[in-house]
Amino acid sequence: MKVVIFGPPGSGKGTYASRLVNKLGSPHISTGDLVREEIRNKTLLGKKIEKYSSSGTLVPDEIITEILKKRLASELSKGFILEGYPRTVGQAKELEKITKVDVVMNLNVPDSVIVDRLSSRLQCRTCGAIYNEKTMPPKVAGKCDKDGGELFRRVDDQPEVIRERLRVYQEASAPVIDFYRSKHLLKDIRNEDPNADPDKVVEQIVKTIKQ
Ligand code: AMP
(Lines give C-alpha, C1' and ligand atoms only; values in the text may rest on other atoms or scores of the structure.)
Protein backbone atom coordinates (compact mmCIF):
# COMPACT_ATOMS: atom_id res chain seq x y z
CA MET A 1 0.00 0.00 0.00
CA LYS A 2 1.21 3.53 -0.79
CA VAL A 3 0.20 5.87 1.99
CA VAL A 4 1.18 9.50 2.55
CA ILE A 5 0.99 10.84 6.11
CA PHE A 6 0.46 14.57 5.78
CA GLY A 7 0.22 17.26 8.44
CA PRO A 8 1.96 20.24 10.02
CA PRO A 9 5.26 19.86 11.89
CA GLY A 10 4.56 18.26 15.25
CA SER A 11 1.29 16.67 14.20
CA GLY A 12 2.75 13.24 15.01
CA LYS A 13 3.53 12.14 11.43
CA GLY A 14 6.74 10.35 12.34
CA THR A 15 5.33 8.70 15.46
CA TYR A 16 2.28 7.34 13.64
CA ALA A 17 4.14 6.41 10.45
CA SER A 18 6.66 4.28 12.36
CA ARG A 19 3.83 2.46 14.19
CA LEU A 20 1.99 1.83 10.91
CA VAL A 21 4.89 -0.24 9.55
CA ASN A 22 3.79 -3.42 11.34
CA LYS A 23 0.11 -2.83 10.61
CA LEU A 24 0.47 -2.19 6.88
CA GLY A 25 3.67 -4.11 6.10
CA SER A 26 5.28 -1.29 4.12
CA PRO A 27 8.47 0.63 4.99
CA HIS A 28 8.38 4.03 6.68
CA ILE A 29 10.10 6.66 4.58
CA SER A 30 10.69 10.05 6.17
CA THR A 31 12.31 12.77 4.06
CA GLY A 32 13.12 14.63 7.31
CA ASP A 33 15.13 11.60 8.50
CA LEU A 34 16.82 11.33 5.08
CA VAL A 35 17.78 15.02 5.32
CA ARG A 36 19.16 14.60 8.86
CA GLU A 37 21.13 11.52 7.73
CA GLU A 38 22.82 13.45 4.91
CA ILE A 39 23.68 16.24 7.37
CA ARG A 40 24.96 13.83 10.04
CA ASN A 41 27.13 12.00 7.51
CA LYS A 42 28.50 15.37 6.34
CA THR A 43 27.96 14.47 2.68
CA LEU A 44 28.30 17.12 -0.01
CA LEU A 45 24.52 17.22 -0.23
CA GLY A 46 24.25 17.37 3.56
CA LYS A 47 26.45 20.49 3.65
CA LYS A 48 24.27 22.10 0.97
CA ILE A 49 20.96 21.49 2.73
CA GLU A 50 21.90 22.02 6.37
CA LYS A 51 20.98 25.73 6.29
CA TYR A 52 17.40 24.94 5.29
CA SER A 53 16.86 22.29 7.90
CA SER A 54 18.32 24.29 10.79
CA SER A 55 16.29 27.42 9.95
CA GLY A 56 13.00 25.56 9.45
CA THR A 57 12.71 26.42 5.76
CA LEU A 58 12.18 23.94 2.94
CA VAL A 59 14.93 22.22 0.97
CA PRO A 60 14.34 23.12 -2.72
CA ASP A 61 11.93 20.76 -4.51
CA GLU A 62 14.52 19.41 -7.00
CA ILE A 63 16.98 18.43 -4.26
CA ILE A 64 14.45 16.78 -1.92
CA THR A 65 12.83 14.95 -4.83
CA GLU A 66 16.22 13.50 -5.84
CA ILE A 67 16.83 12.38 -2.24
CA LEU A 68 13.43 10.68 -2.16
CA LYS A 69 13.86 9.02 -5.58
CA LYS A 70 17.19 7.55 -4.46
CA ARG A 71 15.50 6.06 -1.37
CA LEU A 72 12.47 4.75 -3.26
CA ALA A 73 14.44 3.25 -6.12
CA SER A 74 14.98 -0.18 -4.59
CA GLU A 75 11.76 -0.40 -2.61
CA LEU A 76 8.82 0.89 -4.59
CA SER A 77 7.31 -2.58 -4.96
CA LYS A 78 6.90 -2.87 -1.16
CA GLY A 79 4.71 0.23 -1.05
CA PHE A 80 5.46 2.92 1.52
CA ILE A 81 4.32 4.98 4.44
CA LEU A 82 5.68 8.29 3.25
CA GLU A 83 6.01 11.09 5.72
CA GLY A 84 7.35 14.64 5.25
CA TYR A 85 6.85 14.56 1.47
CA PRO A 86 5.15 16.09 -0.47
CA ARG A 87 5.35 19.48 1.25
CA THR A 88 4.56 21.65 -1.78
CA VAL A 89 2.14 21.24 -4.68
CA GLY A 90 5.22 21.00 -6.94
CA GLN A 91 6.41 17.97 -4.93
CA ALA A 92 2.94 16.40 -5.08
CA LYS A 93 3.12 16.64 -8.88
CA GLU A 94 6.63 15.13 -8.86
CA LEU A 95 5.37 12.25 -6.72
CA GLU A 96 2.62 11.61 -9.26
CA LYS A 97 5.33 11.15 -11.89
CA ILE A 98 7.17 8.65 -9.70
CA THR A 99 4.17 6.56 -8.62
CA LYS A 100 0.49 6.60 -7.80
CA VAL A 101 -0.58 7.05 -4.19
CA ASP A 102 -3.45 5.07 -2.64
CA VAL A 103 -4.40 7.41 0.18
CA VAL A 104 -3.27 10.61 1.90
CA MET A 105 -3.97 10.88 5.63
CA ASN A 106 -4.30 14.50 6.71
CA LEU A 107 -3.55 15.04 10.42
CA ASN A 108 -5.43 18.04 11.86
CA VAL A 109 -3.81 19.31 15.04
CA PRO A 110 -4.22 22.80 16.58
CA ASP A 111 -1.11 25.08 16.68
CA SER A 112 -1.16 25.24 20.50
CA VAL A 113 -0.74 21.44 20.70
CA ILE A 114 2.02 21.53 18.08
CA VAL A 115 4.16 24.13 19.85
CA ASP A 116 3.77 22.32 23.16
CA ARG A 117 4.62 18.96 21.62
CA LEU A 118 7.66 20.10 19.64
CA SER A 119 9.19 21.94 22.58
CA SER A 120 9.33 18.69 24.56
CA ARG A 121 10.20 16.29 21.71
CA LEU A 122 13.28 14.06 21.82
CA GLN A 123 14.65 11.73 19.15
CA CYS A 124 17.07 8.79 19.19
CA ARG A 125 20.32 9.56 17.42
CA THR A 126 20.70 5.93 16.34
CA CYS A 127 17.28 4.69 15.21
CA GLY A 128 15.25 7.91 14.93
CA ALA A 129 12.57 6.81 17.44
CA ILE A 130 10.57 9.74 18.78
CA TYR A 131 9.82 10.48 22.45
CA ASN A 132 8.19 13.29 24.36
CA GLU A 133 9.45 14.38 27.77
CA LYS A 134 5.89 15.03 28.95
CA THR A 135 3.66 12.53 27.16
CA MET A 136 5.92 9.70 25.89
CA PRO A 137 9.06 9.70 28.07
CA PRO A 138 11.74 7.01 27.65
CA LYS A 139 12.06 4.44 30.45
CA VAL A 140 15.56 5.73 31.28
CA ALA A 141 16.09 9.49 30.91
CA GLY A 142 18.17 10.38 27.85
CA LYS A 143 18.28 6.82 26.45
CA CYS A 144 16.25 5.14 23.71
CA ASP A 145 14.05 2.23 24.92
CA LYS A 146 14.77 0.29 21.71
CA ASP A 147 18.54 0.45 21.38
CA GLY A 148 19.88 2.56 24.26
CA GLY A 149 20.88 5.31 21.77
CA GLU A 150 21.37 8.87 22.95
CA LEU A 151 18.25 11.05 22.82
CA PHE A 152 18.69 14.54 21.41
CA ARG A 153 16.60 17.64 20.90
CA ARG A 154 16.36 18.67 17.23
CA VAL A 155 17.93 22.05 16.41
CA ASP A 156 14.74 23.02 14.61
CA ASP A 157 12.60 22.35 17.69
CA GLN A 158 13.53 25.75 19.21
CA PRO A 159 10.52 28.11 19.67
CA GLU A 160 11.52 30.63 16.98
CA VAL A 161 12.29 27.89 14.44
CA ILE A 162 8.98 26.15 15.29
CA ARG A 163 7.14 29.40 14.49
CA GLU A 164 8.96 29.63 11.14
CA ARG A 165 8.12 26.00 10.31
CA LEU A 166 4.44 26.63 11.02
CA ARG A 167 4.51 29.73 8.80
CA VAL A 168 6.18 27.76 6.00
CA TYR A 169 3.59 25.00 6.45
CA GLN A 170 0.67 27.44 6.02
CA GLU A 171 2.23 29.09 3.01
CA ALA A 172 3.75 26.20 1.06
CA SER A 173 2.28 22.97 2.39
CA ALA A 174 -1.38 23.64 3.24
CA PRO A 175 -2.26 23.94 -0.51
CA VAL A 176 -1.25 20.27 -0.88
CA ILE A 177 -4.47 19.43 1.04
CA ASP A 178 -6.64 20.90 -1.73
CA PHE A 179 -4.52 19.17 -4.38
CA TYR A 180 -5.26 15.73 -2.91
CA ARG A 181 -8.82 16.55 -1.87
CA SER A 182 -9.68 17.39 -5.46
CA LYS A 183 -8.34 13.97 -6.46
CA HIS A 184 -10.47 12.27 -3.76
CA LEU A 185 -7.36 10.81 -2.14
CA LEU A 186 -7.50 12.78 1.12
CA LYS A 187 -8.83 11.43 4.42
CA ASP A 188 -8.93 13.61 7.53
CA ILE A 189 -7.86 12.56 11.01
CA ARG A 190 -8.79 14.92 13.86
CA ASN A 191 -6.48 14.90 16.83
CA GLU A 192 -7.10 17.71 19.30
CA ASP A 193 -6.10 15.93 22.49
CA PRO A 194 -2.44 16.67 23.29
CA ASN A 195 -2.27 13.52 25.44
CA ALA A 196 -3.94 11.16 22.97
CA ASP A 197 -2.49 7.65 23.14
CA PRO A 198 -0.51 7.25 19.87
CA ASP A 199 -1.67 3.63 19.52
CA LYS A 200 -5.30 4.79 19.57
CA VAL A 201 -4.60 7.37 16.87
CA VAL A 202 -2.85 4.68 14.81
CA GLU A 203 -5.93 2.45 15.16
CA GLN A 204 -8.07 5.35 13.96
CA ILE A 205 -5.74 5.85 10.97
CA VAL A 206 -5.83 2.14 10.04
CA LYS A 207 -9.64 2.10 10.31
CA THR A 208 -9.91 5.19 8.13
CA ILE A 209 -7.51 3.78 5.52
CA LYS A 210 -9.58 0.61 5.25
CA GLN A 211 -12.93 2.42 4.94
P1 AMP B 1 10.80 17.00 9.22
O2 AMP B 1 11.55 16.04 10.08
O3 AMP B 1 9.83 16.33 8.30
O4 AMP B 1 10.17 18.12 10.01
O5 AMP B 1 11.89 17.69 8.26
C6 AMP B 1 12.99 18.42 8.78
C7 AMP B 1 13.50 19.42 7.76
O8 AMP B 1 13.96 18.72 6.59
C9 AMP B 1 12.44 20.39 7.23
O10 AMP B 1 12.25 21.52 8.07
C11 AMP B 1 13.05 20.78 5.87
O12 AMP B 1 14.11 21.69 6.01
C13 AMP B 1 13.63 19.44 5.41
N14 AMP B 1 12.62 18.66 4.63
C15 AMP B 1 12.12 17.43 4.94
N16 AMP B 1 11.22 17.02 4.01
C17 AMP B 1 11.15 18.03 3.10
C18 AMP B 1 10.38 18.23 1.92
N19 AMP B 1 9.51 17.32 1.47
N20 AMP B 1 10.56 19.39 1.24
C21 AMP B 1 11.45 20.32 1.64
N22 AMP B 1 12.18 20.22 2.77
C23 AMP B 1 12.05 19.07 3.50
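The values are calculated or read from the model by the stated rules, or taken from the named source; none is laboratory data. Being a predicted model, the structure only gives us computed values, none of them experimental. Every residue, glycine among them, receives a Cβ derived from its backbone with ideal geometry; neighbour counts consider all protein chains shown. For accessibility, only protein heavy atoms count, side chains too; no ligands or nucleic acids. Shrake-Rupley method; radii C 1.70, N 1.55, O 1.52, S 1.80 Å.
For the chain, the antiparallel share of DSSP beta bridges with both residues in that region comes to about 30%. From the alpha carbon centroid of the range 106-155 to that of the range 174-198 is 22 Å. Take the alpha carbon gyration tensor of the range 95-144, find the square roots of its eigenvalues, order them as a ≥ b ≥ c, and report rounded if a/c is under 1.5; if not, report prolate when a/b exceeds b/c, else oblate. Cα axes put the range 95-144 in the oblate bin.
Restrict the search to the range 127-188; then list the GluC sites (Glu not before Pro) that DSSP places in a loop and that have at most 16 other Cβ atoms within 10 Å of their Cβ. Passing both the DSSP loop test and the Cβ count: E133. For F6, the solvent-accessible surface with a 1.4 Å probe is about 10 Å², rounded to the nearest 10. Where a Cα-Cα gap under 20 Å defines reach, which lysines qualify for K93, not counting those fewer than 8 residues away within the same chain? Candidates past the 8-residue exclusion: K2, K69, K70, K183, K187. Considering only L58, S74, T99, and ranking their Cα positions along the charge dipole of the chain that arises from unit charges at the beta-carbon of Lys, Arg, Asp and Glu, the one farthest toward the positive end is S74.
For V206 and S182, the difference between the fully extended length at 0.36 nm per residue and the C-alpha to C-alpha distance is 6.4 nm.
Here the chain exposes an accessible surface that is 51 percent carbon and sulfur, computed with a 1.4 Å probe and the other protein chains kept in place.
With the helix formula -39500 (n - 2.57) applied to DSSP H stretches of n ≥ 4, the chain reaches a computed 222 nm mean residue ellipticity of -13500 deg cm²/dmol. Computed from label points 7 Å out along Cα-Cβ, the spacing between V155 and A73 is 2.7 nm.
One chain, two ends: T99 and K48. Fully extended at 0.36 nm per residue, the span grows by 15.6 nm beyond their Cα-Cα distance. Using only alpha carbons, the chain has a radius of gyration to Kirkwood radius ratio (Rg to Rh) of 0.93.
Tell me, what is the per residue accessible area of the chain in Å², probe radius 1.4 Å?
On the way: 10680 Å² over 211 residues.
Value for the chain: 51 Å² per residue.
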